Structure formats: structure tokens, C-alpha cells
Amino acid sequence: MYVVFFQLISKYRGYAKPLLLVIITVLSVLHLTAQSKKRSPNIVFIFVDDLGYGDLSCFSATGIKTPSIDRLATEGIKFTDFYSASPVCSPSRAALLTGRYPQRMGINGVFFPESWTGMPQNEITIAELLQQKKYTSGIIGKWHLGHRTKFLPLQQGFDTYFGIPYSNDMRSVVYMRDNEVVDFFVDQQLTTKIYTQEALDFIESNQEKPFFLYVAHNMPHVPIYASDDFLSTSEKGLYGDVIQELDWSVEEILKKLESLQLLEDTLVIFSSDNGPWLVMEDHGGSAGVLREGKQFTFEGGMRVPTVAMWKGTIAPNTVYKDLATQMDWFPTFARLLEIPLPNDRPIDGKDLSQVLLGQGKRQGDDFLFFNGQRLQGYRKGKWKIKMPFKGTQGSPWQSAVAAHDTLLFDLESDPGETKNLYSKNKKMALDLFKKMEAERESLGPLPPSLIMNTNADQSHLRYLEEKRKKE
Ligand code: MG
């Protein structure tokens, strides 16, 4: 080849210099292109709290406009049958970060400011996984996996943390930075704005190397707040305004990535931790066509609106209609970044990389619907079975839900779970029940539930009450 090259040079001596320049330029461009293709993608995971399946325009919301979240769907992928692993906050977050059913770590309920427990430190989070490829990881917002120092994000692979460490309706709402409380007085009207600015700053300071940014908004979990700029901007009252401010936040993040020319190097995902808190009425969201919401294992409690964009890699307007779950991100990121999965523990999620790359489907089509320790349902393919339920009377924190016998739904034709097909398909229901039990069995023995809090001993007050009665 070199002989030919020098023969050419000697033949066209007069053109040698410009020709060399052209060759060098072409080679440099090819080299740069190869390099930029090699860059590991940044991951921005935007997680909102208690957003319903019917609260985004791209999921048929009315009265709420979410053009930037919709953009993720139109320039990327929309998942129609995407499940959170739990109908409440903490277990859902544990599952997202570890790729495992939260029951495996005893997280069956939510942590409180008085909790002394947290997600066990030996769990491997996405942030720890990505350390193998030297990612910088930051979390902004709600952690909710234990806020005693040893359970905080910095001890679970994250490099930076800023946010309210648990739910915004709990006692002692504070802002923490890394391992310390930095503000005891939180004006929640500004929380979404402050988190957004923190996210933009994180991207700006980490633009040179691959990063994982987990933005876990406290909104739209009650009590809901929007900043003055967004009040009365939607046709759905304050709740709609809150969602439109979250949409603005997504817009700001996309704009920042675009301005730094990082959009093609970044996988941006948007999802919710569980369904809408319907007992909060117009301060809770909408599950759209789905049945029930947060705290229940009907579809409305666990099927969450999920979209993702990776410009130039995910084909625009992709719609994925098969089952996928929040636990899938862990093995998906591992596959995309060529990191081996931990081999000392089961990972329940399935790889979605083929789905994102348009090269195939997710392997596996079943899912267990746990509500804390109770296994209440199972989906396989388009079929879902629900175990008999004694119902709840309702409270200020929970909707009343009627008791029911075994339920069987065809989710493809009936996503709203309105037609119980059990009596006509008892054989199939039995088959599903057996598969569900086999799946549960495959999890092996599960640890006892972590203690979230214990009741205060108020016997002294009862003593005084009794004593005064006798006086
Ligand atoms: Mg939640």
C-alpha cells in the first residue's frame, strides 16, 4: 500500500502537499468520529413522585401540557406497559437502583424521618455499578432509602447528593447536601426550581466525562407546590401547574445537554415511582384509563408513564407495548456499558438494551405484583391474575376499595381491569396461579421486613387520664 502511495506521490509531485493535507484531515475526522462513538453515554434519570399514568400529554392527559416530556417520546421511545416494582415510594426506589425486587432486602414499606433502618449497604446500586466505568454519579432530590449517614447516597456509590431525604409530607423536611443537613427550613414552592438548577450545575461541571445524574423530584407528591411562574398556567388547577413546572425542568435539562452538545451522548429517561395518590382528590393525579392508584396493585398503582430519548441511537417515535419494569434499568445500563452483572446475587430486571437499540425484545414476559410482603397479583404476557382481597374501608391516607374474589384480566383488550374473565377461564387462572407461585418460590427465602418505625409509648398519658378520672 505504501509503495503505491509513494508512486502516486512521485507521479503527482506538484499535488503532494495538498493531497497529504487532505489525507491527514480525513484521517483525523475518522479518528474523532470513532472516538465520539466510543464515548460511554451519560445517563440522566428523571424520577417524579406519584405521577399518574394519565398525567402527561403523551399519555392522553387533558388540561396539562407537557411538550418537553412528550419530546422524549417523539424523539425516542414510549413504554405503554412499564411497571414500578411497588405501589409506594421506598420499595420502588430500592428496586430501581438495584434491579431487584425490594422484598429481597426487606423493604416492604416506606422509611420515615424517625427510621433507624435503610437500604442495606451491601446492595449494589446503579451508581456503584457505573463506578466500574469511572462514572461520576449525582443524585438530586428524594432518596428515601434511609437518611442515617451510613444509608445515604454517598455510601451507595453516588459522588454528590442534594435534596430532601424522604417524602415532603413527613416531619422534619430538610435539605441535605452530601451527608449533612444544610437547611432546616424548606420553602417547597421553590423545590422544583432549586432541583433543576442543581441538575444544570451538575451537568455543566461534569460535561467532560461520563456521568449518571438521578433527578428524583419530590413533586407531585402531596403537599404540592408550584413556583409563582407556573401558578394558573394549566387547566388542571395546582396539580396541573406542578406537572407543567416539572415539564419545564425537563426542558431546561434538554436545553443544557443540547448547548453542551451532549444530547447524542446522553440517554435521558423519565418515569414515576408509583401511581397517583387518588385519595388526595384534585391534589393527586390521574391514572387515566387504569384502575385505582398508589397503594394498590391494580394497574393504576404500578403501571407508570415512562419515556426515554437517546438522540441518534433510539429511533424516534418508538412505542414499546410489551411488559417492562423499573428493575430493568440496572441490567440495561450494565449491558450498554459492557459491565458484567454481579454474580453473587440474583438480578430480577431484564435487559432492555435491544429494545432501546431497536434490535429486539425484552426477554421474559412476567411480573409479580407485591404490595409490601403480600403477593397480590401476577402478569404473564397479556394476562393478569389478582388474588382475593378483603378490601379497605378507606382513611385520609387511603381510598376505600371494595373486597374482591380472584380476578383475571386480559390487559391487552382491557387495560382498565373492568372485565373479570375468571369464571370463564378457571383453567388458565389456575395455570397462572401455579406460574406465580413458582416465580415466588424462585425468589427463595425472603428476609423479615425492615423496621420503619415503632409507636411511641404513651402509657404515661393513659396513666394520667385514668388518675384524673378518679380524682
Ligand atoms: Mg411515590
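Per-structure values
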| read-out | value |
| --- | --- |
| Percent carbon-and-sulfur accessible area, the chain, ignoring ligands, DNA and RNA, probe 1.4 Å | 54 percent |
| Inter-site label distance for Gln261 and Thr149 at 7 Å from Cα along Cβ, in nm | 4.4 nm |
| Distance between the stretch 80-109 and the stretch 147-212 - C-alpha centres, whole angstrom | 21 Å |
| Ranking by accessible area, most exposed first, for Trp397, Trp277, Trp143 with a 1.4 Å probe | Trp397, Trp277, Trp143 |
| Cα centroid separation, the stretch 297-322 to the stretch 327-374 (Å) | 15 Å |
| Relative contact order of the stretch 121-238, defined on C-alpha pairs under 8 angstrom at six or more residues apart (%) | 27 percent |
| Low-density loop positions, trypsin sites (Lys or Arg not before Pro), the stretch 141-246 - DSSP coil, at most 15 other Cβ in 10 Å | Arg148, Arg171 |
| Computed [θ] at 222 nm, deg cm²/dmol, the chain (DSSP H ≥ 4; -39,500 (n - 2.57); rounded to nearest 500) | -9000 deg cm²/dmol |
| Axial C-alpha extent at least 27 Å, average Kyte-Doolittle at least 0.5 - helices from the chain (DSSP) | 16-38 |
| Global geometry of the stretch 199-326, whether rounded, prolate or oblate, following the gyration tensor of its Cα atoms and the 1.5 cut on a/c | oblate |
| Residue pairs, from the table Lys294/Lys424; Lys78/Lys350; Lys193/Lys294; Lys350/Lys435, whose Cα atoms sit over 27 Å apart | Lys294/Lys424 |
| Gyration tensor verdict on the stretch 164-247 (Cα atoms; rounded if a/c is under 1.5, prolate if a/b is larger than b/c, oblate otherwise) | oblate |
| Gain on full stretching of the segment that runs from Arg468 to Phe184 - 0.36 nm per residue minus C-alpha separation | 98.4 nm |
| Cα centroid separation, the stretch 60-78 to the stretch 388-449 (Å) | 31 Å |
| Backbone HN-Hα couplings from phi across the stretch 344-359 [Karplus 6.51/-1.76/1.60, Hz, Gly and Pro as x] | 9, 7, x, 10, 7, x, 10, 5, 9, 4, 5, 5, 5, 7, x, 10 |
| Cα gyration tensor shape of the stretch 251-378, rounded if a/c is under 1.5, else prolate or oblate by comparing a/b with b/c | oblate |
| Rounded accessible area per residue of the chain, 1.4 Å, Å² | 46 Å² |
| Antiparallel bridge percentage (DSSP; both residues within the chain; nearest 5) | 55 percent |
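The values are calculated or read from the model by the stated rules, or taken from the named source; none is laboratory data. The shown structure was predicted, so the numbers you read here are calculated from the model rather than taken from an experiment. A quick note on method: Cβ atoms are made from the backbone with ideal geometry, for glycine too, and the neighbour counts reach across all protein chains shown. Just the protein is used for accessible areas: all its heavy atoms, side chains included, with ligands, DNA and RNA removed. Shrake-Rupley method; radii C 1.70, N 1.55, O 1.52, S 1.80 Å.
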